[in-house]
1. If we keep just the residues of segment 13-27 that are loosely packed, with under 14 Cβ neighbours inside 10 Å and of a type in the set (Val, Ile, Thr), which is farthest from Leu59 (Cα to Cα)?
2. For segment 28-61, enumerate the residues that are exposed (fewer than 12 other Cβ atoms within 10 Å of the Cβ) and not in a helix (DSSP H, G or I).
3. Find the residue count for segment 62-85, including only residues that are in a helix (DSSP H, G or I) and either of a type outside the set (Phe, Trp, Tyr) or surrounded by fewer than 12 Cβ atoms within 10 Å (Cβ to Cβ) (or both).
4. May I ask you to list pairs of residues, at least six apart or on different chains, whose Cβ atoms are under 6 Å apart, with the first in segment 74-94 being farther than 12 Å from Val21 by Cβ and the second being assigned to a helix (DSSP H, G or I) and not small (Gly, Ala, Ser)?
5. If you check Leu91 against the conditions, is it part of a helix (DSSP H, G or I), under 10 Å from the mean Cα position of the chain (by Cα) and surrounded by 14 or more Cβ atoms within 10 Å (Cβ to Cβ)?
6. Just checking, which of Tyr96, Tyr69, Tyr4, Tyr45 is out of contact with any Lys or Arg (no Cβ under 8 Å at 6 or more places or on another chain), of a type in the set (Ser, Thr, Tyr) and modelled with pLDDT of 90 or more?
Amino acid sequence: MMEYIEMFKQWVITLGEKHGVDPLILGSLYLISKVCFFSTLGWVYKNIRAKKPVIFQLLFACAFFSIPYTYIMIAGRNISWWVYVFIISMLVYGIYSIWKKIVMKPKVILIEPDEPGTK
């Protein structure tokens, strides 16, 4: 098992060197950006409930979502064209899914409590 982990580690390092992207930086950016992204979405939901404007929080969420992909596009070299297509597709899908989650609020179903003796 350890040899497979070592092989995977060497593969990632070699791939990073080939494309000019540091895997440790990319992984750190990815983890940090996702924590910030979901925290910002929580802030958006809080402001929606309070009926406050949310445009800046949504812009922050989009920026946090795109940080690791932007790093690949800027620092990467010798990257295939399909990787750029995939990254752009991910960004477009991320923007669309955020918009769907925020704009299309789930319908709230009110359930009346049972009154004693009605059954």
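1. Only one residue fits best here, namely Thr14.
2. Once the filter is applied, which keeps residues that are exposed (fewer than 12 other Cβ atoms within 10 Å of the Cβ) and not in a helix (DSSP H, G or I), segment 28-61 yields Ala50, Lys51, Lys52, Pro53.
3. Keep residues of segment 62-85 that are in a helix (DSSP H, G or I), which gives 62-75, 81-85.
From what's left, either of a type outside the set (Phe, Trp, Tyr) or surrounded by fewer than 12 Cβ atoms within 10 Å (Cβ to Cβ) (or both): 62-63, 66-68, 70, 72-75, 81-83, 85.
Going through segment 62-85 one residue at a time, the tally reaches 14.
4. These pairs meet every condition: Ile87/Tyr69; Gly94/Phe65.
5. Numbers: part of a helix (DSSP H, G or I): yes; under 10 Å from the mean Cα position of the chain (by Cα): yes; surrounded by 14 or more Cβ atoms within 10 Å (Cβ to Cβ): yes.
Yes.
6. Values: Tyr96 fails: modelled with pLDDT of 90 or more; Tyr69 fails: modelled with pLDDT of 90 or more; Tyr45 fails: modelled with pLDDT of 90 or more.
Residue meeting the stated conditions: Tyr4.
Rundown of residues vs (1) in contact with a Pro (Cβ under 9 Å, 6 or more places away or on another chain); (2) free of Cβ contacts under 8 Å to residues at least 24 places away in the same chain; (3) among the basic types (Lys, Arg), yes/no style:
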site: Thr14; (1), (2), (3): no, yes, no
site: Val21; (1), (2), (3): no, no, no
site: Leu29; (1), (2), (3): yes, no, no
site: Ser39; (1), (2), (3): no, yes, no
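The values are calculated or read from the model by the stated rules, or taken from the named source; none is laboratory data. Source: prediction; values computed, not measured. As a convention, Cβ positions derive from the backbone with ideal geometry for all residues, glycine included, and neighbour counts pool all protein chains shown.
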